[in-house]
1. Once a ≥ b ≥ c are taken as the square roots of the eigenvalues of the Cα gyration tensor of segment 104-190, is the result rounded (a/c under 1.5), prolate (a/b larger than b/c) or oblate (a/b not larger than b/c)?
2. Which whole-number percent gives the relative contact order of segment 155-272, counting Cα pairs below 8 Å spaced six or more residues apart?
3. Students sometimes get this wrong: rank HIS85, HIS145, HIS78 by accessible area, probe 1.4 Å, all chains present, largest first.
4. On a 1.4 Å probe surface of the protein chains, which of ILE218, ILE126 comes out largest in accessible area, and what is the full order?
5. Name the shape class, rounded, prolate or oblate, that the alpha-carbon gyration tensor gives for segment 230-280, where a ≥ b ≥ c are the square roots of its eigenvalues, rounded holds for a/c under 1.5, and otherwise prolate holds if a/b is larger than b/c and oblate otherwise.
6. For segment 221-234, in order, what is each residue's ³J(HN,Hα) by Karplus, 6.51 cos²θ - 1.76 cosθ + 1.60 with θ = phi - 60°, in whole Hz (x at glycine and Pro)?
7. Quick one: Karplus J couplings for segment 210-216, per residue in order, coefficients 6.51, -1.76, 1.60, θ = phi - 60°, nearest Hz, x for Gly and Pro?
8. Please work out the C-alpha center-to-center distance from segment 301-330 to segment 230-271 and express it in whole Å.
Amino acid sequence: MTKNTAKNIDANDFTRVQDLPTGTPQGQQTTMPNNSTSNQSANHNNVDSSTNNDAAQANAQTIKQTIFNQRDDINNPHTPDTDGHEETHFGYKTVNKAEKQARVADVFTSVAKKYDIMNDLMSFGIHRLWKRYAISLSGVRSGQHVLDIAGGTGDLAKVFSREVGRNGHVVLSDINAAMLEVGRERLINAGCNNVDFVLANAETLAPFDDESFDLVTISFGLRNVTDKDAALKAMYRVLKPGGRLLILEFSKPVFEPLSKAYDLYSFTALPIMGKIIANDAESYQYLAESIRMHPDQQTLKQMMQQAGFENCDYHNLTAGIVAVHRGFKA
């Protein structure tokens, strides 16, 4: 599908960041209002003065809920009220839990347009083989429903769209509007008409019903989640009994000489490439640091078990630089 064809898609399809859906997945999502925030506020201010104050307040609350805050992304469960001054890591930095989601949002908003080319450069194209192997472990079949969390530019969702066929369904979900917009455009242009695009927080997966997916995947996204235990529990919740979780993520190299060379490459070459290609060395410095702060293979397996998953295992790729974790819901 060409870009011109994509522009002719039904007017109800979202085409701008502010039109991205926040509601129900699987073909039933509600797009954001087309009118601007300023128009909404103006309309609210023009409410007849005789209108009941309670009704006016309710209307204002509704307007507030429909405005998508691109800076903070969506539904941050960590606030000063809920977490106080509790701290977590942002790369090697220590930040308040309430701040991390917005900081991660800034990183991926910055790199979204160059994300695919940087992945090819950083991994020398090997990330495509990692993803292909993860898909081979998915067991996905025709007619199934798949949720790809932190799906970004849609590499996995594009393949799943083909595998589940016209009777199946795929939801490409991401917390970051800029990343989701890139994935949406890419998959629409590829003719993937059985995919929905839904803004969702991995820690809650609030738009999705219990036991609604046969397969849940998250690829190179879990390490950026503030509360990974909460995210794993949310993934367990939305899986059907017998469903499968796949996590593809950077991990800990099992070969010490490779580990040292990998560290040297990560902290020298990656920021330089980020500066040259994406004009953003700082974001790629964070990405390198976030990999080191992510749980190792065995720790993540134990976290999955604590969330309720059974028959958990993992497969090291490229000597443990990347690992695919797998677990099942009984």
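The values are calculated or read from the model by the stated rules, or taken from the named source; none is laboratory data. Since we're looking at a predicted model, the values are computed, not measured. Cβ placement follows ideal geometry from the backbone for every residue including glycine, while neighbour counts extend to all protein chains displayed. Only protein heavy atoms, including side chains, enter the accessible area calculation; ligands, DNA and RNA are left aside. Shrake-Rupley method; radii C 1.70, N 1.55, O 1.52, S 1.80 Å.
1. Details: a/c = 2.15, a/b = 1.41, b/c = 1.52.
Taking the square roots of the gyration eigenvalues as a ≥ b ≥ c, segment 104-190 is oblate.
2. Details: 131 pairs, mean separation 24.4, N = 118.
Rounded, it is 21 percent for segment 155-272.
3. Values: HIS85 160, HIS145 50, HIS78 15 Å².
Putting HIS85, HIS145, HIS78 in descending order of accessible area: HIS85, HIS145, HIS78.
4. Values: ILE218 0, ILE126 60 Å².
In descending accessible area the options line up as ILE126, ILE218.
5. Details: a/c = 4.42, a/b = 1.90, b/c = 2.33.
Oblate shape, in that a/c is at least 1.5 and b/c is the bigger or equal ratio.
6. Karplus values, whole Hz, x for Gly and Pro: x, 5, 5, 8, 7, 5, 10, 5, 4, 5, 5, 5, 5, 5.
7. For segment 210-216, the Karplus curve yields 4, 6, 10, 10, 7, 9, 10 Hz.
8. Segment 301-330 and segment 230-271 have Cα centres separated by 10 Å.
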